[in-house]
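K.L.:
Below is a structure I'd like to ask you about.
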Amino acid sequence: MSELKLYDYWRSSAAYRLRIALNLKGLDYTSEAVNIAPGADEHLQEGYRALNPQMRVPTLEVDGRRSGQSMAILEWLDETYPDPPFFPADSWARLQVRAFADIIACDIHPINNLSVLIKLRKELGQDDAGVGEWYRDWIIRGFTALEEMAEPHKGYAFLFSNEPSLADICLVPQMANARRYDTDLSQFPRLVEVDAACQKVEAFAKAAPDMVKPK
């Protein structure tokens, strides 16, 4: 078994994905907090830059080797520790899982990332109301598509099967972000239903921001 270390920030949704995934795989890992909050900016310091040239969280260290980018790490985890799998057996179902996850990871999350929100405030002069409107707009656009994609599979306990997949791993942190910015989720009943089902799974519950927030 490799020695795993996660460079983490409690509120980072990308790091949240990895906490869920590591828990689902039943892997032991150590965690080191990297405070990326404005004013702390530990991710911008040279010590962390030496670990991750992109200066973002998360970073996963495996036996002294390090990699960033949560989606790439999630695929590596599934390839290296295949049980339980993050993808269904059917190839078309796997495509649907990847497409769902990528809407979150590639279309919603990057536009609402901390660096973007800082630019909106500091360089474009947006106040809390303006930033909140920006954030919710992109969530609603993405969730509208995700709800439609999830609806045909509502007979399952989770998004695309009766076991959590990569899609569920990506959905739950984004749902937490949506609630943090007071997004009206009533128009997304299937997403809300799946999120609630995930919260009953210990691997998801233990990874939640409030469970890992520094005291």
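The values are calculated or read from the model by the stated rules, or taken from the named source; none is laboratory data. What you see is a predicted model, and the numbers here were worked out from it, not measured in a lab. Positions of Cβ are generated from backbone atoms using ideal geometry, with glycine treated the same way; all protein chains shown enter the neighbour counts. We work out accessible area using only protein heavy atoms, side chains counted, and drop any ligands, DNA or RNA first. Shrake-Rupley method; radii C 1.70, N 1.55, O 1.52, S 1.80 Å.
K.L.:
Given region 149-215, what helices (runs of 4 or more DSSP H) lie entirely inside it while holding 2 or more residues that are hydrophobic (A, V, I, L, M, F, W, C) and within 25 Å of residue 133 (Cβ to Cβ)? Show your work before the answer.
P.N.:
Details: elements: 166-180, 189-199, 202-205, 209-212.
Output list reads 166-180, 189-199.
K.L.:
Let me ask another. Between a residue in region 148-160 that is loosely packed, with under 14 Cβ neighbours inside 10 Å and any residue that is of a type in the set (D, E, K, R), which pairs come within a Cβ distance under 8 Å, given they are 6 or more apart or on different chains?
P.N.:
151/190; 154/190; 154/193
K.L.:
State which residue is farthest from residue 4 (Cα to Cα) when the search covers only region 60-74 and only residues that are touching a Ser or Thr at 6+ places or on another chain (Cβ under 7 Å) and open to solvent by less than 10 Å² (accessible area, probe 1.4 Å).
P.N.:
73
K.L.:
Restricting attention to region 82-94, which residues are open to solvent by 80 Å² or more (accessible area, probe 1.4 Å) and of a type in the set (A, V, I, L, M)?
P.N.:
89
K.L.:
Let me ask something additional. Which of the residues belonging to region 1-55 are among the basic types (Lys, Arg), surrounded by fewer than 22 Cβ atoms within 10 Å (Cβ to Cβ) and outside any loop (DSSP other than H, G, I, E, B)? Explain how you work it out, then say what you get.
P.N.:
Just the residues of region 1-55 that are among the basic types (Lys, Arg), to begin with: 5, 11, 17, 19, 25, 49.
Remaining after also requiring surrounded by fewer than 22 Cβ atoms within 10 Å (Cβ to Cβ): 5, 11, 25, 49.
5, 49 - these are the residues of region 1-55 that are among the basic types (Lys, Arg), surrounded by fewer than 22 Cβ atoms within 10 Å (Cβ to Cβ) and outside any loop (DSSP other than H, G, I, E, B).
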